[in-house]
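Visitor: Sending over a structure as structure tokens; questions will come in a sec.
The values are calculated or read from the model by the stated rules, or taken from the named source; none is laboratory data. Since the structure is predicted, the reported quantities are computational estimates derived from the model, not experimental observations. Using ideal geometry, Cβ is built from the backbone for each residue, glycine included, and neighbour counts are taken over all protein chains shown.
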Amino acid sequence: MVCLAYEKIAVIDRKEPRLLLYPAVEETEERMQLVRSDILPRTVKDILYFPLDFHLRSIVLESIARKYMDNYDYPSEEEDAPRYLMGAHIFSRMKESSCPFMKKVISVLKSDENFHPEEAILVYLLDIDDGEENHQDFLILALRDVLLRFGNTQIRHFSYEDLHWCADGMEAGAYKDRVLDEELPEEVFSFIKEFLLLRQVKLRTLTEQHPFSVYPPEVKQSYLKLLTDTAAAEGKLTAEKLLWLEQLARTLRISADTFGIMLEESLHGGIPKIKLQKTLRELIEKTADHCYVLYEDVITAAMNEKGECSREKLIEILAKKQFAGAEYVQYYRSSAILQQKADAAFQCAFETLEFPENHGAMIQERRIYQNALRLYFLTWG
């Protein structure tokens, strides 16, 4: 070992055979000749990347709700159609509404001391009440609890842990008492399921690294920004895609605030279509060795299990010969759709288990093995 404390050495010679490195270099590792400043955190602020409740922030909820609200026209007083509002800050929209039924809801909420207006993310009007007395029923989802007025004048508060949801109503408690017996509109029920997913999931640090982890911070940010734009700019972001992007941001050491800005930009249109090809080309020039990682992630961000595509223009650009090519894009597009269908089907199967907490660990262990085996066969083939 070279005694660095006593010898005046201006530069450490990493090829010095007597130099002791700790921990020892493994066979699958190699010594780094240059240590960049972005590899190690320099301040406490650099270490704290994400709060646990990031996916309950207003920008996240607004981005998720956008796909339901963009093409929804709130019905007039005479129309017989579902009436709902969803997203962040909906109470201000409720107060601005000219709907007489919504005004009845606001009137009832004024007397509820446990209601926090700033936390409301969904209001759905149940049976429409056009009488003189206020018997308007409603369902409200808030960040911390659920409010229900159904069949009487009382507003009932439920914790999410006590509720069981289904398309035709809601059950509460260990004995699953029926507290709401009314079919929910598809859009309302879908948003509820997405919010429950965001509320329940606690992301953790993965041992596996994304291939783009090796790049400088500015390249990693450009990469995540393109994927976020692909998934969210046209108003088709799902809870699953949001969690995927958030996990990627954590893996790439990109802060929650930076990711939030990317979502904000996407919410307002994102990258102009005429700049998509230039943006893609500039990123590929910096990451040529990982271009197919980029292609696969972009296609994954764009497609959903129904075969619908966000940022179709970007996928058309990928299909050009100078990028991935039409045949590759066609096959991987099908692969991305089928993978999401498989994940959704597995989730449905898992939800049928009576005691999932007793079997989850073993099922996960089997899936990790199966995924490793599948990748091995693909590589071998």
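Residue by residue, here is whether (1) under 26 Å from Glu194 (Cα atoms); (2) touching a Cys at 6+ places or on another chain (Cβ under 9 Å); (3) modelled with pLDDT of 90 or more; (4) not assigned by TED's automatic domain parsing to the domain that holds Leu141 holds:
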residue	(1), (2), (3), (4)
Glu29	no, no, no, yes
Val44	no, no, no, yes
Val60	yes, no, yes, no
Tyr68	yes, no, yes, no
Tyr74	yes, yes, yes, no
Ala81	yes, no, yes, no
Tyr84	yes, no, yes, no
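Visitor: A follow-up question, please. Any residue in the range 175-188 that's among the aromatic types (Phe, Trp, Tyr): show its pairings with residues that are at pLDDT 95 or above at Cβ separation under 7 Å, as long as the two are six or more apart or on different chains.
Guide: Listed by first residue and then by second, the contacts come to nothing, as the list is empty.
Visitor: Please work out which one of (1) over 15 Å from the mean Cα position of the chain (by Cα); (2) in contact (Cβ under 8 Å) with a residue 40 or more places away in the chain is the condition Arg250 fails and give its number.
Guide: Only one criterion is unmet by Arg250, namely (1).
Visitor: Can you name every residue in the range 309-335 that is over 11 Å from Tyr295 (Cβ atoms), surrounded by 13 or more Cβ atoms within 10 Å (Cβ to Cβ) and within 21 Å of the chain's Cα centre (by Cα)?
Guide: Once the filter is applied, which keeps residues that are over 11 Å from Tyr295 (Cβ atoms), surrounded by 13 or more Cβ atoms within 10 Å (Cβ to Cβ) and within 21 Å of the chain's Cα centre (by Cα), the range 309-335 yields Cys309, Ser310, Arg311, Ser335.
Visitor: What are the residue pairs meeting all of these: first residue in the range 360-378, first residue closer than 14 Å to Phe346 by Cα, second residue of a type outside the set (D, E, K, R) and part of a helix (DSSP H, G or I), Cβ atoms under 8 Å, and 6 or more apart or on different chains?
Guide: Cβ pairs passing all conditions: Gly360/Phe350; Ile363/Phe350.
Visitor: Which numbered condition trips up Asp257, out of (1) part of a loop (DSSP other than H, G, I, E, B); (2) exposed (fewer than 15 other Cβ atoms within 10 Å of the Cβ)?
Guide: Of everything listed in (1) part of a loop (DSSP other than H, G, I, E, B); (2) exposed (fewer than 15 other Cβ atoms within 10 Å of the Cβ), Asp257 misses just condition (1).
Visitor: Take the conditions at positive phi and either touching a residue at least 40 places away in the same chain (Cβ under 8 Å) or surrounded by 13 or more Cβ atoms within 10 Å (Cβ to Cβ) (or both) and apply them to Gly269. Does it pass? I'd like the intermediate steps shown before the answer.
Guide: Working: at positive phi: yes; either touching a residue at least 40 places away in the same chain (Cβ under 8 Å) or surrounded by 13 or more Cβ atoms within 10 Å (Cβ to Cβ) (or both): no.
Judged against the criteria, Gly269 is not a match.
Visitor: Okay, next question. Out of all the residues in the range 161-219, which are polar (S, T, N, Q) and not in a helix (DSSP H, G or I)? Step through it out loud before you land on a result.
Guide: Keep residues of the range 161-219 that are polar (S, T, N, Q), which gives 190, 200, 205, 207, 209, 213.
Correct list: Thr205, Thr207, Gln209.
Visitor: Do you know which residues across the range 133-154 are loosely packed, with under 15 Cβ neighbours inside 10 Å and under 16 Å from Pro117 (Cα atoms)?
Guide: Correct list: Arg144 only.
Visitor: Which residues, counting only those in the range 209-233, are surrounded by 22 or more Cβ atoms within 10 Å (Cβ to Cβ) and among the acidic types (Asp, Glu)?
Guide: The one that is surrounded by 22 or more Cβ atoms within 10 Å (Cβ to Cβ) and among the acidic types (Asp, Glu): Asp229.
Visitor: Check every one of the helices (runs of 4 or more DSSP H) wholly within the range 294-381 and list those with 1 or more residues that are modelled with pLDDT under 95. Break it down stepwise before answering.
Guide: Details: elements: 312-318, 326-351, 356-380.
So the answer is 326-351, 356-380.
Visitor: Applying the selection to the range 96-132, what residues are under 17 Å from Asp73 (Cα atoms) and exposed (fewer than 13 other Cβ atoms within 10 Å of the Cβ)? Please lay out each step first, then the result.
Guide: So the first thing to find is which residues in the range 96-132 are under 17 Å from Asp73 (Cα atoms), and the list is 96-102, 122-125.
Result: Glu96, Ser98, Pro100.
Visitor: Being assigned to a loop (DSSP other than H, G, I, E, B) and of a type in the set (S, T, N, Q) is the filter here; which residues of the range 272-293 pass it? Before you say what the answer is, go through the steps one by one.
Guide: Kept after step one, since they are assigned to a loop (DSSP other than H, G, I, E, B), are these residues of the range 272-293: 272, 287.
Across the range 272-293, the qualifying residue is only Thr287.
Visitor: Which count do you get for residues in the range 95-104 that are under 20 Å from Gly131 (Cα atoms) and in contact with a helix residue (DSSP H, G or I) (Cβ under 7 Å, 6 or more places away or on another chain)?
Guide: Step one: list which residues in the range 95-104 are under 20 Å from Gly131 (Cα atoms), which gives 97-104.
If we keep only those that are in contact with a helix residue (DSSP H, G or I) (Cβ under 7 Å, 6 or more places away or on another chain) as well, we get 102.
The qualifying residues number 1.
Visitor: Continuing with the same structure: Among the listed residues Phe115, Phe101, identify the single one that is in a helix (DSSP H, G or I) and either more than 25 Å from the chain's Cα centre (by Cα) or in the same structural domain as Ile140 (by TED's automatic domain parsing) (or both). It would help to see each step written out before you state the result.
Guide: Values: Phe115 fails: in a helix (DSSP H, G or I).
Exactly one residue qualifies, and that residue is Phe101.
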